[in-house]
1. Per the 1.4 Å probe, what fraction of the accessible area of the chain, in percent, lies on carbon and sulfur atoms?
2. Looking at the square roots a ≥ b ≥ c of the eigenvalues of the Cα gyration tensor of the chain, which shape do they give, rounded for a/c under 1.5, prolate if a/b is larger than b/c, or oblate?
3. With a 1.4 Å probe and all protein chains left in place, how much accessible area per residue does the chain have, in Å²?
4. Go through GLY92, SER57, LEU19 and say which Cα lies farthest out towards the positive end of the charge dipole of the chain; charges sit on Cβ, +1 for Lys and Arg, -1 for Asp and Glu.
5. Sort 64-75, 110-121 by packing, meaning the average of other beta carbons within 10 Å per residue, with the highest value first.
6. Would you grab the residues whose amide H sits under 5 Å from the one on ALA88? Only those 5+ places off in sequence or on another chain, please, with H modelled 1.01 Å from N.
Amino acid sequence: MILLIILTLAIVLIDTMRLSLMGWKEELLWIGIWMVAAYFSTLWLTGLSFQEIYKYSNTSAICILGFVEILIFMSYLLYDGKGKALLAYYPGLMMLFPVMVLSYMMIRVVSGVSFMAIGLMSAVLTGVLLASAVLFLRWLKCDRLWLYISSVAGLVIYILIYGIS
């Protein structure tokens with residue numbers, strides 16, 4: 001469980017830094033997409049047993065996908081060709097894992113409420129947390145160097161967690 005929390009925090013930090021480097025319109029679009037993903041993942045997770053959820057939270061596969069995402073971020077930071085414009089719109093799709101972890105925690109914490117209401121609460125909480133994190137990183141004047149440093153730190157975390165699991 002501790003490894004999943006560390007992995008989730010690393011993904012949130014790196015992907016939120018990537019979102020903070022985008023323009024306002026792209027940020028709002030991706031935050032809206034993650035809100036929709038939180039709603040539907042909450043509805044999807046309610047139909048699964050604990051064993052099925054544990055099967056989907058395979059830490060080694062998540063580390064490998066996170067490694068590929070960091071390679072995409074590094075190519076965005078270091079590449080100056082025509083493809084850089086395309087890479088500028090990549091938000092970090094690994095954010096789906098923390099969104100699903102938040103949805104799972106909302107299902108377990110909030111009881112006695114309909115699952116659609118829990119899905120809406122999860123979506124709103126996802127939007128508020130992402131928007132506030134992006135605003136905080138913009139206030140800190142997060143730039144490409146921060147993304148580079150956090151990506152290298154994320155690589156170390158992924159390698160360690162992959163080795164442990």
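1. Roughly 77 percent of what the probe reaches on the chain is carbon or sulfur.
2. The shape class here is oblate.
3. Averaged over the residues of the chain, the accessible area is 57 Å².
4. LEU19
5. Highest-to-lowest ranking by the protection proxy: 64-75, 110-121.
6. For ALA88, whose amide H was placed from the backbone, there are no distant partners under 5 Å.
The values are calculated or read from the model by the stated rules, or taken from the named source; none is laboratory data. Everything numeric here is computed off the predicted structure, so don't read it as measured data. Ideal geometry is used to build each Cβ from the backbone, glycine not excepted, and the neighbour counts take in all protein chains shown. Heads up: the accessible areas ignore ligands, DNA and RNA and are worked out on the full protein's heavy atoms, side chains in. Shrake-Rupley method; radii C 1.70, N 1.55, O 1.52, S 1.80 Å.
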